[in-house]
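One structure below.
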Amino acid sequence: MENKNYKLATKLIHAGVEPDPSTGAIMTPIYQTSTYVQAAPGDHKGYEYARTQNPTRTALQNALAAIENGKYGLCFGSGMAATDAVAKLLQPGDEVIVANDLYGGTYRIFTKVFANYGIKFHFIDMSNAENIRGYINEKTKMIWTETPTNPLLNIVDIAACGIIAKEHKLLLVVDNTFASPYLQNPLDQGADIVLHSATKYLGGHSDVVHGALIMNDAALEEKLRFIQNSCGAVPGPHDCWLVLRGIKTLHVRMQRHCENGEKIANYLRNHPKVGKVYWCGFEDHPNHDIAKKQMRGFGGMISFTLKSDSMDDAMHVLKNTQLFALAESLGGVESLIGHPASMTHGSIPREERIKNGLADSLIRLSVGIEDVDDLIADLAQAIG
Ligand SMILES: *Cc1c(COP(=O)(O)O)cnc(C)c1O
């Protein structure tokens, strides 16, 4: 599907997928093979060994590129494997400026793995992109951000980061997992690399772990493809197929995630026992204007505290929801509830966590696509 002018909903269904040349199968088959037969050495159909290329993966990579308005997509065995590949673009002595409110696993791989290789990470508040300038020096190579952030739903101005990155010839990496391509396309706003944990909204059904990178620059794609093949953190064809299947309904699911999210955010905000509600759709959210500028909706991720700010009360809510399942992860059709301080963000030291505004009693919701009245009733009985 070459025509780049198709709208997102059309690309989600068709991009990357061609009728299978051997049978005409409309859906890309799961090419469960490790190698490909050659007629003579070097005489092959573009596929030699499945770490390097696999047709199911190729279809997905092309689809992901199209839906992020990028030229190239690369798939990995997980979101963290995609993060790992990007960090391997760096060398000892290099410095990276990273948003301080980000996925716990990203914080962990930077501080516990890549810091050991002599790479320095500055974790800073990016709610004002201008803060980045104070940390740039001749060793800086990359700006790494996430928006909306996890779990505080802060918004980072991607275009403003892009301007600073261009000025100083830095790579801007945006983790777009929370928004998904349905809500925002960072490449259009100046990002060099978009990262996804496709485990979340792209897969959408809580049945696969998968990661992806999307970019426009051919030289950058070549370097990352070299790392993908050399390090080998590639996804299997069945997992690629699940993501390919998942993205076909991304727009339909996201529309409902957004509708349900808005209703639940407002419900929580009016609840007498609820303290602060974090959701970027509120007009008084500190960066709501930026959210409105760069996003097409506000999604179904919501965090909140209780007025009592008591750990016990938070535990009561976490243990008593019936539809909201207590689980890590997000972005699936089913609603999840989580406790960032002990779950997704358990790897961040408490002091660091509190300093960044992530309270012990914070509860995070991934609002699913069930009937919203049932979801609200479930929260009502759990909060009491
Ligand atoms: C889950 C997640 C990741 C890591 O992805 P995995 O697929 O779990 O390896 C990275 N960034 C964000 C924002 C995430 O939510």
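Worth pointing out:
- Counted over the range 144-277, the DSSP beta bridges are approximately 45% antiparallel.
- Tilt relative to the chain, helix 311-320 - C-alpha long axis, 0 to 90 degrees, to 10: 60 degrees
- Chain lengthening between residue 135 and residue 36 when straightened (0.36 nm per residue, less Cα-Cα): 30.8 nm
- Percent antiparallel among DSSP beta bridges (both partners in the range 8-247, rounded to 5): 40 percent
- A simple charge model with +1 on the Cβ of Lys and Arg, -1 on the Cβ of Asp and Glu and nothing else charged puts the dipole of the range 107-201 at about 400 debye relative to its Cα centre.
- Anisotropy class of the range 233-332 from Cα gyration tensor, a/c 1.5 cut: oblate
- Rounded to the nearest 10 degrees, the inclination of helix 372-383 to the longest alpha-carbon principal axis of the chain is 50 degrees.
- Rounded to 10°, Cα long-axis angle of helix 218-231 versus longest principal axis of the chain: 90 degrees
- For the range 43-48, backbone phi angles converted through the Karplus equation (6.51, -1.76, 1.60; θ = phi - 60°) give residue-by-residue couplings of 9, 9, 9, x, 10, 10 Hz, Gly and Pro being listed as x.
- Rounded to the nearest 20 debye, dipole of the chain from Cβ charges on Lys, Arg, Asp, Glu: 360 debye
- In a fully extended conformation the segment linking residue 296 and residue 351 would gain 16.3 nm over its present Cα-Cα distance, using 0.36 nm per residue.
- Three-way shape call for the range 8-247 based on the alpha-carbon gyration tensor, with the a/c threshold at 1.5: prolate
- Only Lys, Arg (+1) and Asp, Glu (-1) charged, at Cβ; the range 251-383 dipole about Cα centre in debye: 360 debye
FYI, it's all coordinate maths here, none of it is from the lab. All figures in this text were calculated on a predicted structure; none of them were measured in a lab. All Cβ positions, glycine included, derive from the backbone under ideal geometry; neighbour counts span all protein chains shown.
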